[in-house]
Amino acid sequence: MATINKYILTTSFVAVCCVQAFAQTEEHSLEEIEVVSHHTFSDIIPVQTLGGERLEKLNALNVADALRYFSGMQVKDYGGVGGIKTVNIRSMGSQHLGIYYDGIELGNAQNGQIDLGQFSLDNVESVSLYNGQKSSLMQTASDYGNAGSVYIRTRVPHFEVGKNNHFRGGIKYGSSNMLRVSALYEHKFSERLNVSLNLGTLTSNGRYDFRYRRYTISGELAYDTTAVRQNGDVQSIRIEGNVNGLLNRGSWSLKGYTYQSGRGIPGAIVNNVWKRGERQTDGNTFFQGTWQEDIGSAYSFRVLAKYANYRTHYANRDTTTMLVDNHYTQQEAYVSTTHCVQFFKWLSASMAYDMRWSGLTSDAYACPEPQRWTHLISLATAVSLHRFSAQASILYNNTRDKGRASATGVTPVGVMSDISRFTPALFLNYYITRDKSLSVRGYMKNSFRMPTFNDLYYAEMGNSNLTPEKASQYDLGIRYTIARKQWTLTATADAYYNNVKDKIIAYPKGQQFRWTMLNLGVVHITGVDAETDVTYETLPIYGNPLKCSLRLQYTFQKSIDVTDNQDSYYRHQIPYTPRHSGSVIFNADWKHFSFNYSFVYTGERYSLQDNIAVNHLEPWYTSDMSLSYSMAVARTQLRLTLEVNNIFAQDYDVILNYPMPQRTYAISLDVRL
């Protein structure tokens, strides 16, 4: 912990020094440079995106906070600044959702859970959600294998004429003694080469007030007390460096990323236990590179490579439970190559091959140290006519596991040694009107995902009898856009049906780091996603127009277990899936002022399979507000922001017995040179 604190102090010092060193740098703006192949088709399935100023004004700490505002998305939040945060799409589970960081998928073969709380928005340009898959042919084979994908795109420097340096720094302080410091420096060596370095630190004691109320089966009040959340402290440092280059007809990039953190795990509040002795230290580092180029007018290729090393130290020193002190190391090597050929102006095809190796070692008892080789081959074709567009693809997935025999005699070989699947997909889009303002679209897709290492090989955490999860997806939607001089409107609605066989569900098992896994068998998911986005600009008011934007999203999901009609929970809603959920984002800008209001609603859910009163969870909602003031001092742009989260101080749990914070406050200062 002392080492992490030393890193945090060092990074904060570096950020201050950078402000001093570049105080004379000219004013600038950061924009995105995107090299687009001439084989790229427009998205058949519209993408949900939060980016630019709207993303900044949400004042979200991390990627998971931003994803709460996407339709069809469920976020599992275990509370507090340092609490684990995972997401899933349309009740498919988090393992069916691919998380891509600048085009390369983030992996976790151990438990399949990507903790998005580890990824700050300080250096993020946009966050996008695709249902089904991205429509571009120039993508990796793994992109075709997920039920949906989240693309996190970091900033790419853009320099105006005569400018070679950019700097951006920020500091934020808030409730739970939370302090966040960030710094971004960009430098242009030439018109074809630039670099960037992003540093960020976060500290918090993790303590916050909450109200704890529980009722008996008969409905009588069993507990009603107010307490302070304990053991939720976090200290983290994040460093990311990028090198970006331009070719005559393409681009290349290199990225290095490291995240080091130490945190307490407050755990579930059960049996009147209010404080846990669990600690977790993470050290996540990866390096990745991309090369994309057009050769002639009909052929493009892209090559990606990545190496990742994830280290976790989990310790439970609570004498009332089993003492644990284990170290885990995951390694991952990944290469991908994609080739795209344009046969005609309206017809293109692509082929992609991915190879991923994952290995896990641990000093935990009976660890079989499994290794997994995954080979993916995709073939795809796209047609784009005047009003009609389509994309068809097929993915071959071959996965092999190996490992040594454990102390209990369990070995991965023979349990899940060689699995192969073909998964096809078809996407269609048709513009009803000539101006392309109204369109209908739909898709059919099969997806497949392997159980994780924890799912299969650890008797204390998982279930070695689990079978792979298979899903069929069907979607039919409509989109309408209209643009006028002072306002624009975009509205979308999708109805969908998912059929998931051998669905795997993860539940917290006492300690937050561990999970208990089970196959539900068959789950039918029927839902509707709707979203409306409106922007409006008034006539000048005292010389400046008032610019407003409003984003509304609503999700209905009926996700029921239909495995066995003899089960007591037959046709019951699966755990932690609300029937109704939605969000609102409203923003207003005038002169130097910016006001932002956001609202998130999650309807009633059940914590276990049986939808009975004792498992019922009440609906919850939060309202967040912020007010910003921007000004220029010499050549420096300053923005001061005040924010209040959970304005009405609602008491709620996203996950049962993991209480969330009540009203919190924060103040931040952003500096751009």
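The values are calculated or read from the model by the stated rules, or taken from the named source; none is laboratory data. Everything numeric here is computed off the predicted structure, so don't read it as measured data. Ideal geometry is used to build each Cβ from the backbone, glycine not excepted, and the neighbour counts take in all protein chains shown. What goes into the accessible areas is simple: the full protein's heavy atoms, side chains included, and nothing from ligands, DNA or RNA. Shrake-Rupley method; radii C 1.70, N 1.55, O 1.52, S 1.80 Å.
At a glance:
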quantity	calculated
Scope the stretch 360-373; condition open to solvent by less than 40 Å² (accessible area, probe 1.4 Å) and either in contact (Cβ under 8 Å) with a residue 40 or more places away in the chain or of a type in the set (A, V, I, L, M, F, W, C) (or both); matching residues	LEU360, ALA364, ALA366, CYS367, PRO368, PRO370, ARG372
Any chance THR516 is modelled with pLDDT under 95 and touching a Gly at 6+ places or on another chain (Cβ under 6 Å)	no
Among residues of the stretch 630-639, those that are open to solvent by 50 Å² or more (accessible area, probe 1.4 Å) and either touching a residue at least 40 places away in the same chain (Cβ under 8 Å) or within 26 Å of ILE84 (Cα to Cα) (or both), counted	3
Failed item, numbered, when VAL562 is tested on (1) out of contact with any His (no Cβ under 6 Å at 6 or more places or on another chain); (2) open to solvent by less than 50 Å² (accessible area, probe 1.4 Å); (3) of a type outside the set (Gly, Ala, Ser)	(1)
Search result, residues across the stretch 169-195 that are surrounded by 15 or more Cβ atoms within 10 Å (Cβ to Cβ) and among the acidic types (Asp, Glu)	GLU186
Filter result for LYS134 (open to solvent by 10 Å² or more (accessible area, probe 1.4 Å) and touching a helix residue (DSSP H, G or I) at 6+ places or on another chain (Cβ under 7 Å))	yes
Residue, most open to solvent (accessible area, probe 1.4 Å), within the stretch 263-294, restricted to residues that are among the acidic types (Asp, Glu) and under 26 Å from THR338 (Cβ atoms)	GLU293
Matching residues in the stretch 104-118 - criterion: being at pLDDT 85 or above and either touching a helix residue (DSSP H, G or I) at 6+ places or on another chain (Cβ under 8 Å) or open to solvent by 20 Å² or more (accessible area, probe 1.4 Å) (or both)	GLU105
Residues within the stretch 577-604 that are open to solvent by less than 40 Å² (accessible area, probe 1.4 Å) and within 16 Å of GLN557 (Cβ to Cβ), tallied	8
Residue in the stretch 151-173 that is under 28 Å from ALA425 (Cα atoms) and among the aliphatic types (A, V, I, L, M) present	yes
Candidates ASN198, ASN242, ASN248, ASN284, filtered to the one that is polar (S, T, N, Q) and more than 26 Å from GLN330 (Cα to Cα)	ASN248
Residue that is most open to solvent (accessible area, probe 1.4 Å) [pool: residues in the stretch 203-226 that are out of contact with any helix residue (DSSP H, G or I) (no Cβ under 8 Å at 6 or more places or on another chain) and farther than 23 Å from ASN615 by Cβ]	ARG207
Residue identified as open to solvent by 40 Å² or more (accessible area, probe 1.4 Å), in a strand (DSSP E or B) and touching a Phe, Trp or Tyr at 6+ places or on another chain (Cβ under 7 Å) among LEU627, LEU552, LEU642	LEU627
Some residue of the stretch 357-370 being in a strand (DSSP E or B), at pLDDT 90 or above, out of contact with any Asp or Glu (no Cβ under 6 Å at 6 or more places or on another chain) and among the hydroxyl-bearing types (Ser, Thr, Tyr)	no
Odd one out for ILE99, checked against (1) part of a strand (DSSP E or B); (2) closer than 18 Å to ARG449 by Cβ; (3) open to solvent by 20 Å² or more (accessible area, probe 1.4 Å)	(3)
Residue match in the stretch 445-458 (condition: more than 28 Å from LEU489 (Cα to Cα) and either at pLDDT 90 or above or open to solvent by 50 Å² or more (accessible area, probe 1.4 Å) (or both))	yes
Matching residues, the stretch 382-391, being farther than 17 Å from ASN146 by Cβ and outside any loop (DSSP other than H, G, I, E, B)	ALA382, VAL383, SER384, PHE388, SER389, ALA390
Some residue of the stretch 293-306 being farther than 30 Å from PHE344 by Cα and of a type in the set (Val, Ile, Thr)	no
Residues satisfying the stated conditions in the stretch 248-257, i.e. part of a strand (DSSP E or B) and not charged (D, E, K, R)	GLY250, SER251, TRP252, SER253, LEU254, GLY256, TYR257
Positions within the stretch 121-144 being closer than 19 Å to MET73 by Cβ and either assigned to a strand (DSSP E or B) or at pLDDT below 90 (or both), in sequence order	LEU121, VAL124, SER126, VAL127, SER128, LEU129, TYR130, ASN131, GLY132, GLN133, LYS134
Pairs where the first residue, in the stretch 148-168, is farther than 30 Å from GLY93 by Cβ and open to solvent by 10 Å² or more (accessible area, probe 1.4 Å) and the second is assigned to a loop (DSSP other than H, G, I, E, B) and of a type in the set (A, V, I, L, M, F, W, C), C-beta under 8 Å, 6+ apart	ARG155/LEU30; VAL156/ILE33; HIS158/LEU30; HIS158/ILE33; ASN165/PHE22; ARG168/LEU30; ARG168/LEU673
Residue within the stretch 657-669 that is assigned to a loop (DSSP other than H, G, I, E, B), within 22 Å of the chain's Cα centre (by Cα) and closer than 17 Å to VAL75 by Cα present	yes
Scope the stretch 295-336; condition open to solvent by less than 40 Å² (accessible area, probe 1.4 Å) and among the β-branched types (Val, Ile, Thr); matching residues	THR312, VAL324, THR329
Filter result (of a type outside the set (Val, Ile, Thr) and within 17 Å of THR49 (Cα to Cα)) within the stretch 471-507	ARG479, TYR480, LEU489, ALA491, ALA493, ASP494
Residues that are open to solvent by 30 Å² or more (accessible area, probe 1.4 Å), at pLDDT 80 or above and not in a loop (DSSP other than H, G, I, E, B), drawn from the stretch 26-64	THR49
Residue that is open to solvent by 10 Å² or more (accessible area, probe 1.4 Å), part of a loop (DSSP other than H, G, I, E, B) and modelled with pLDDT of 85 or more, where the choices are GLN230, GLN260, GLN235	GLN230
Pairs with Cβ under 8 Å, 6+ apart, first in the stretch 536-556 and in contact (Cβ under 8 Å) with a residue 60 or more places away in the chain, second crowded, with 16+ Cβ neighbours inside 10 Å and assigned to a loop (DSSP other than H, G, I, E, B)	ARG551/TYR69; GLN553/TYR69; GLN553/PHE70; GLN553/SER71; TYR554/SER71; THR555/SER71; THR555/GLY72
